[in-house]
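The values are calculated or read from the model by the stated rules, or taken from the named source; none is laboratory data. Not measured: the values here are computed from a predicted model. Heads up, the Cβs are rebuilt from the backbone with ideal geometry, glycines too, and the neighbour counts pull from every protein chain shown.
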Amino acid sequence: MDTVAQRTVLRFEKTVTSLEKALKLGELPEHAERDAVLLRFELTAELMPKVLQRILSERGAAPALPKDVVRSARAADIVGENEASTLLAVIDDRNRMVHDYSEGYAVELLRKVTIEYAPVLRALVNQIR
């Protein structure tokens, strides 16, 4: 059976895989690696609540806002408490990144994506597949 939720999960998995590949790029011209990772993070962060929303809609729930989607996914035991907390932080950082162009924040966000966010996003893909 090919549902919209299943197709959305596959697209989400591709964005997480793409993010992981960007994290492994190695040394590139000034800031290119960081910028590639952050762009892929932005795309992944955009799709994450959408994939959860599709799964929830198949279960009869209809949250609309990204943070409400994550909270509903937690309430439906799709994600655990720690995952939900991290996914809410992903949404906050994605929202901040489109308004904060400082070098310091870019460096801080790259560290968070590498250490905290990418592993949780991969775990989410594995869990919902």
(request) Just give me the residues in region 99-129 being under 14 Å from THR17 (Cβ atoms), free of Cβ contacts under 8 Å to residues at least 60 places away in the same chain and aliphatic (A, V, I, L, M), in sequence order. (result) ALA123
(message) Looking at THR44 and the list (1) touching an Asp or Glu at 6+ places or on another chain (Cβ under 8 Å); (2) under 15 Å from VAL9 (Cβ atoms), which single condition is not satisfied?
(response) (1)
(request) Could you tell me whether region 74-85 includes any residue that is more than 17 Å from PRO119 (Cβ to Cβ) and within 16 Å of the chain's Cα centre (by Cα)? (result) yes
(request) Just give me the residues in region 75-87 being outside any helix (DSSP H, G or I) and exposed (fewer than 10 other Cβ atoms within 10 Å of the Cβ), in sequence order. (result) ASP77
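Condition check ((1) farther than 21 Å from GLY104 by Cβ; (2) at pLDDT 85 or above; (3) of a type outside the set (Lys, Arg); (4) part of a helix (DSSP H, G or I)) across all residues:
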site	(1), (2), (3), (4)
ARG11	yes, yes, no, yes
THR15	yes, yes, yes, yes
PRO29	no, no, yes, no
GLU33	no, no, yes, yes
GLU42	no, yes, yes, yes
(request) Would you check which residues across region 88-125 are closer than 20 Å to ALA32 by Cβ, under 14 Å from the mean Cα position of the chain (by Cα), surrounded by fewer than 19 Cβ atoms within 10 Å (Cβ to Cβ) and of a type in the set (A, V, I, L, M) and list them? (result) MET97, LEU110
(message) I'm checking my understanding of the structure. Among residues of region 18-34 that are surrounded by 14 or more Cβ atoms within 10 Å (Cβ to Cβ) and without any contact (Cβ under 8 Å) to a residue 40 or more places away in the chain, which one is nearest to VAL69 (Cα to Cα)?
(response) SER18
(message) Among the numbered criteria (1) closer than 27 Å to ARG59 by Cα; (2) touching a helix residue (DSSP H, G or I) at 6+ places or on another chain (Cβ under 6 Å); (3) among the hydroxyl-bearing types (Ser, Thr, Tyr), which one does SER18 miss?
(response) (1)
